[in-house]
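Have a look at the structure below before the remarks.
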Amino acid sequence: MKISTSWIREYTKIPEDSDSLYKLLESFAEQCVDIDYIKEYGTNLKDIKVGEIIKIIKHPNADKLKITEVRLSKNKTVQIVTGANNIYIGMVCPVIEHGGILPNGTTIKSTPLRGVQSEGMLCAEDELLLGEDHSGIMDLGNEYKKYVGESLDKFFYDVIIDIDNKIISNRPDLFSHRGIAREFSAINNSKFNNLKLKGLQDQSKLQKSINIDILDKDFCTRYIGVIVKDIIVDDSPLWIKQKLKKIGLKSINNIVDISNLVLAEIGQPLHIFDLDKIGGENTTILVRKSKEKETITTLDSKERKLTKNNYVIANKEKALGIAGIMGGKYSEIDANTKNILIESATFDPVMIRKSSKSINLRSEASLRYEKGLPQNFAYEGMLYALELIFNLTKGKQYSKIVDIISKNQESTDNINFEFSKIEKVLGIKIAPKEVINILHKLNFKSEIKNNIITILIPKERRDIKESVDIIEEIGRIYGYQKIPLKNPVLETTPIIRNISYEIEREIKKILVSESSWEIKTYSFINENLLKRTLIHDSSLIKIINPYSEEYTHLRNILLPSMLSTVEKNIRNEDTFSLFEIANTYNKSDTELPLEELKLCISAYSKNKKIETFFVIKKYLNDIKTYLNIDEEFEYIKGSENKYAIYNQSAKIYLHKELIGEINNIHPTVRENFNIAGNLTVTEINVEILKKYIKKSFLHKSISKYPIVIEDINITYSEEYTAEEIIKSIKNNYLKEIRIIDIYKGKPLNENQTSLTVRLIFENFEKTFITEEIKESINEIKTNLLNKFENIIFR
Amino acid sequence: MTDIKLLAKNLSNIENEALDKIQSCNNLDRLKQLRSKYFGKDSDISKILSNIKYIRNNEEKKTIGEYSNKIKSNIQSQISDKEAILKNIQIEEEISRNIDISLNKFETNIGSLHPVTQMIDILVETFQYFGFSVVSGPEIETDWFCFQSLNLDINHPARDMQDTFYIEENHILPRTHTSSVQIRTMLNEKPPIRIIAPGKVYRNENQDQRHTFMFYQYEGLIIDKTTNISDLKSILTTALRNIFDNSDIELRLRHSFFPYTEPSFEIDATCMVCLGKGCKVCSNKGWIELLGAGMVHPQVLRNVNIDPNVYQGFAFGGGPERLFMVKNMIDDLRLFYENDLKFLSQFRKI
């Protein structure tokens, strides 16, 4: 919302000089509401003077030009040639003389125009950057006559601030210049001069009433209406135009501008109907819920289909406007309007919000109504509007003011609490006198008795409900920067360890040190991504209002996003590994979906010779070792997933529980993701892994006697796996078995593999003698030979 | 009968042969072989000496014994000397060899933690100094935990600040902030409570340099009998000084509005680039907005059955991405979720 600081000055004194003003604005942003930007208005007008046209003659050589004599002071006039049509004798307008510089930087020179010397220029609005109008010379109006010769910057310069509406969404009173001005007065500690409304003229002579029927009393809690007759619709005076222009509003006509001015000044939306278009003085105004299939064309010329959540202002025939949101085109004020009905009402914020959301239409009015305007604003708004209309349009009040309060607004009258609570929350002692002064500046009356502070809440402060609301007011105006830093005294409480977090962290640590990169992808996927991965899954959880077609469902698998990420990086790297730890989401019987922490690791190599499968397997085994899981992972060959190559995949079990799979990705899927080369991906359930992590290390005694290391070489054929063979190696003294070499190729047969295994023997009682080891190895070999045919020892 | 002269002659021959061989030996392995050749179980000397037992004359026996010992110790010492020489040569050889220290023969073999993980690590470490525990909660929440319990009724205008994705209309949703973890913790634990809750959050807003529909938040909460705004300022100042490794950072509490805190603030820190003088990074403000905070609203405490007349405390929350962006001068949030290794590789860390 845009706020004009010169408008604020009508209520309270704020610094004139730019440095002090900007300093105050900084405090304002800190203590009241953040400022999105600050903009200067009416700058570079020093050379533009107020002038009065005292003589106009025809140009001898050009039909379209006129020669004017313009008065710039008591005894100084200049001759200016102009092509404008709207000039008249006595017109007061902006003038720039020879040598002067326009706001856009152009220097004006005295030049002959078709043979007649022009010593300057009469200016249009747009030339001064004070508007868009270029249809004629800017008419300053009679009120400027007394300023002839003075520089224009004095009257037009302003500093406009745009404030962040979100922060004041609980403060409907601040959606107005008057409300903001009160804050300035509190922050600047300067006097606040409230808007002085003249009050009503004698109402007793007015007999005429208006039929107003509020059908939904929860929705419309107050409705004030009045009929004004014999108005003259015209242009607004310059001061209104300028005020509106500065805050980004276009001047329409005096009537519409007045309603906008009241809105900007005190925050009360008004609606003004052309009385003759809505049935004349005997019409009935209804405030009701919209009917089924009802439509209305709003002021913005759009036809709106109303919903069951809308409320309308109507006469007996039809809807005249969407209540609290936007009026109807049909009853709009136009140049011929003579008689009007002014509406100033209070509506329920929640219903306004629903109504506005249901047709996706927000307006300056609904913006304020949905914050919960106080009922007294409706009355003040009406008074102010009438005052302006009587002054500016020659209109006369025709009816009584009909004021219906259908439901009294709930509000807090007063609050009391222990004075010491202020210090308890803020952490600083503030003197009672200062507290009372701060509250006074914000329009709260307060007193302190027996250490209890009692505060009277003004009607417009509907946000104040309990002690902390008051303490916030005191704190921000006092200034949070005055609260000192100190070493906090905290109660002792032990840190509760979060095992899940720690494990996640450990897994990341090991993978990163193994040259894998952590990625984070979106939790949302779509069916197309699944299709590319050859997954068909109708059980995914759907998002009702997705961000885009690409992100329609919650994922229950990390692999597809992993493939996309591999695809993205393949242009830059030949070999890399990525991993992600994230939740997956599955439907469940409970209220909330089942969230499970999954780990997905990929290894890619452009070079097909690098067996990425075993890279991943090493990672998994390293994780297992690092996390201190006792049991080995069990790999069972095969996978039902279409994205996997069956013969190059395995299901992974831990303590007989399936924790995931390791898959070489199927060429079709690889092609779908434009991935050429080897790609292995594993996805495992961290929740299951977590169950088997040994939490403590129990010390095992170690042997004092030296270990003995013996390597044996086993050549076996394809019918067996290395794992089967190794698992069959058993001996009482055997402490550990390690694979140290696997070889395929010449001079072996094609289906043969040579495996070199290191056997480590340990004895707790004595040093081994050579014969014992020889015996053990023989025993091992004999066992293997009995179990596996055709294996050869070398 | 054994001829001691012949024995002596043989021994002398062996000695000569040995000394020759030792003399000409130029490597340590060969020397080792020589040692076992002359001193092993089946060495020639042993064989000869095994004949001594047939000598009857003790005088002769003694003479030949002494002679053989003399030869043995001579060979022994020759080997030892030679060994010392050869070892020396070997060391000389090794240490005189040059390597090209400018080469890298093995590539760096570490990946990197995602920047968000890196920042969360710093946050967790920092707040653990103050005794905060790390907690987590579900990402998919009910309306009550995400909104209603936090004073955000269904028609609260402040809901506009958080455009929500829905799984079930107005009921089940991906959380829009980590404040739901606050509520879950307060329902389950008794004060004093001190937690930090990092995690993913989701908002249905247009993606641009400053917005992504999924991002991270960290939520902090203290509830006890005394913690006040001065404590909030002190703890967050220390924390942010630690996070940015800069003790000149000051905080500014700017009045703000959140339905779940009262008073509420936006917290700005001195711009680390210009130290408050004003620069491009802080849009000439001298301050950088980092997080939101406030004293927990008494109604929120009532909602979780904590008596606001006895307990109070503060909550704060912000984005780890934001901290990381400020720290590393990154100007586009979307980079965090594009997962381009060219971006990720700039922040290598385990």
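The values are calculated or read from the model by the stated rules, or taken from the named source; none is laboratory data. Just so it is clear, the model here is predicted, and its values are computed rather than measured. Every residue, glycine among them, receives a Cβ derived from its backbone with ideal geometry; neighbour counts consider all protein chains shown. These area figures cover heavy atoms from the full protein model, side chains too; ligands, DNA and RNA do not enter into them. Shrake-Rupley method; radii C 1.70, N 1.55, O 1.52, S 1.80 Å.
Odds and ends about this structure:
- In the set A:Lys695, A:Lys766, A:Lys774, only one residue is assigned to a helix (DSSP H, G or I), of a type in the set (Lys, Arg) and either exposed (fewer than 13 other Cβ atoms within 10 Å of the Cβ) or at positive phi (or both); that residue is A:Lys774.
- Here A:Lys198, A:Lys229, A:Lys245, A:Lys208 are screened, and the one residue that is under 34 Å from the mean Cα position of the chain (by Cα) and in contact (Cβ under 8 Å) with a residue 60 or more places away in the chain is A:Lys245.
- Residue in segment B:93-109 that is within 12 Å of another protein chain (Cβ to nearest Cβ) and of a type in the set (Asp, Glu) present: yes
- Considering each residue of segment B:239-252 in turn, at least one proves to be in a strand (DSSP E or B) and without any contact (Cβ under 8 Å) to a residue 60 or more places away in the chain.
- Residue in segment A:470-477 that is open to solvent by 30 Å² or more (accessible area, probe 1.4 Å) and either in contact with a Ser or Thr (Cβ under 9 Å, 6 or more places away or on another chain) or more than 8 Å from chain B (Cβ to nearest Cβ) (or both) present: no
- Leading residue by the ranking (nearest to the chain's Cα centre (by Cα)) among those in segment A:287-314 that are within 21 Å of A:Ser259 (Cα to Cα) and among the aliphatic types (A, V, I, L, M): A:Leu299
- Condition check for A:Ile709: at pLDDT 90 or above and under 25 Å from A:Glu596 (Cα atoms): no
- Of the criteria (1) more than 8 Å from chain A (Cβ to nearest Cβ); (2) open to solvent by less than 30 Å² (accessible area, probe 1.4 Å); (3) of a type in the set (D, E, K, R); (4) assigned to a helix (DSSP H, G or I), which one B:Glu219 fails: (4)
- Long-range neighbours under 6 Å by Cβ, at least six apart or interchain, first residue open to solvent by 10 Å² or more (accessible area, probe 1.4 Å) within segment A:676-690, second of a type in the set (D, E, K, R) and not in a strand (DSSP E or B): A:Asn678/A:Lys608
- Test: A:Thr590 is open to solvent by 30 Å² or more (accessible area, probe 1.4 Å), within 14 Å of chain B (Cβ to nearest Cβ) and either under 29 Å from the mean Cα position of the chain (by Cα) or without any contact (Cβ under 8 Å) to a residue 40 or more places away in the chain (or both): yes
- Evaluation of A:Lys400 against the conditions (1) loosely packed, with under 15 Cβ neighbours inside 10 Å; (2) more than 10 Å from chain B (Cβ to nearest Cβ) shows that the sole unmet condition is (1).
- Counting only helices (runs of 4 or more DSSP H) that sit completely within segment A:360-453, those holding 3 or more residues that are in contact (Cβ under 8 Å) with a residue 12 or more places away in the chain and in contact with a Leu (Cβ under 8 Å, 6 or more places away or on another chain) correspond to A:364-369, A:375-393.
- Segment A:512-523, residues that are at the interface with chain B (Cβ under 7 Å from one of its Cβ atoms) and either more than 21 Å from A:Tyr585 (Cα to Cα) or exposed (fewer than 14 other Cβ atoms within 10 Å of the Cβ) (or both): A:Val512, A:Ser513, A:Ser515, A:Ser516, A:Trp517
- Test: residue in segment A:62-74 that is outside any loop (DSSP other than H, G, I, E, B), β-branched (Val, Ile, Thr) and in contact with a helix residue (DSSP H, G or I) (Cβ under 9 Å, 6 or more places away or on another chain): no
- Total residues in segment B:262-307, condition part of a loop (DSSP other than H, G, I, E, B) and either touching an Asp or Glu at 6+ places or on another chain (Cβ under 7 Å) or open to solvent by 10 Å² or more (accessible area, probe 1.4 Å) (or both): 17
- Of residues in segment B:110-129 being among the hydrophobic types (A, V, I, L, M, F, W, C) and either surrounded by 18 or more Cβ atoms within 10 Å (Cβ to Cβ) or more than 7 Å from chain A (Cβ to nearest Cβ) (or both), the one nearest to B:Leu221 (Cα to Cα): B:Phe127
- Scope segment B:143-160; condition in contact with a Leu (Cβ under 7 Å, 6 or more places away or on another chain) and either open to solvent by 10 Å² or more (accessible area, probe 1.4 Å) or among the acidic types (Asp, Glu) (or both); matching residues: B:Asp143, B:Arg159
- Restricting the search to strands (runs of 3 or more DSSP E) fully inside segment A:107-170 and requiring at least 1 residues that are of a type in the set (Val, Ile, Thr) and over 33 Å from the mean Cα position of the chain (by Cα) gives A:111-113, A:116-118.
- Among the residues of segment A:28-42, those that are surrounded by 15 or more Cβ atoms within 10 Å (Cβ to Cβ) and at negative phi comprise A:Phe28, A:Ala29, A:Glu30, A:Gln31, A:Cys32, A:Val33, A:Asp34, A:Ile35, A:Ile38, A:Tyr41.
- Residue selected from segment B:222-238 under the condition among the polar types (S, T, N, Q) and outside any helix (DSSP H, G or I), by the criterion nearest to the other protein chains (Cβ to nearest Cβ): B:Asn228
- Selection within segment A:700-748 - farther than 23 Å from A:Phe614 by Cα and either touching a Phe, Trp or Tyr at 6+ places or on another chain (Cβ under 7 Å) or surrounded by 12 or more Cβ atoms within 10 Å (Cβ to Cβ) (or both): A:Ser703, A:Tyr705, A:Ile707, A:Val708, A:Ile709, A:Glu710, A:Asn731, A:Tyr733, A:Leu734, A:Lys735
- Test: B:Val326 is β-branched (Val, Ile, Thr), under 22 Å from B:Phe213 (Cα atoms) and either at pLDDT 95 or above or surrounded by 15 or more Cβ atoms within 10 Å (Cβ to Cβ) (or both): yes
- Note on segment A:501-511: among residues that are facing chain B (nearest Cβ under 7 Å) and open to solvent by 30 Å² or more (accessible area, probe 1.4 Å), the one that is nearest to A:Glu423 (Cα to Cα) is A:Tyr501.
- The residue of segment A:552-584 that is surrounded by the fewest Cβ atoms within 10 Å (Cβ to Cβ), among those that are assigned to a loop (DSSP other than H, G, I, E, B) and at the interface with chain B (Cβ under 7 Å from one of its Cβ atoms), is A:Asn572.
- Among the residues listed as A:Lys642, A:Lys651, A:Lys608, A:Lys617, the single one being outside any strand (DSSP E or B), in contact with a Gly (Cβ under 9 Å, 6 or more places away or on another chain) and not aliphatic (A, V, I, L, M): A:Lys608
- Test for A:Glu506: is it under 30 Å from A:Ile436 (Cα atoms) and either outside any loop (DSSP other than H, G, I, E, B) or not aliphatic (A, V, I, L, M) (or both): no
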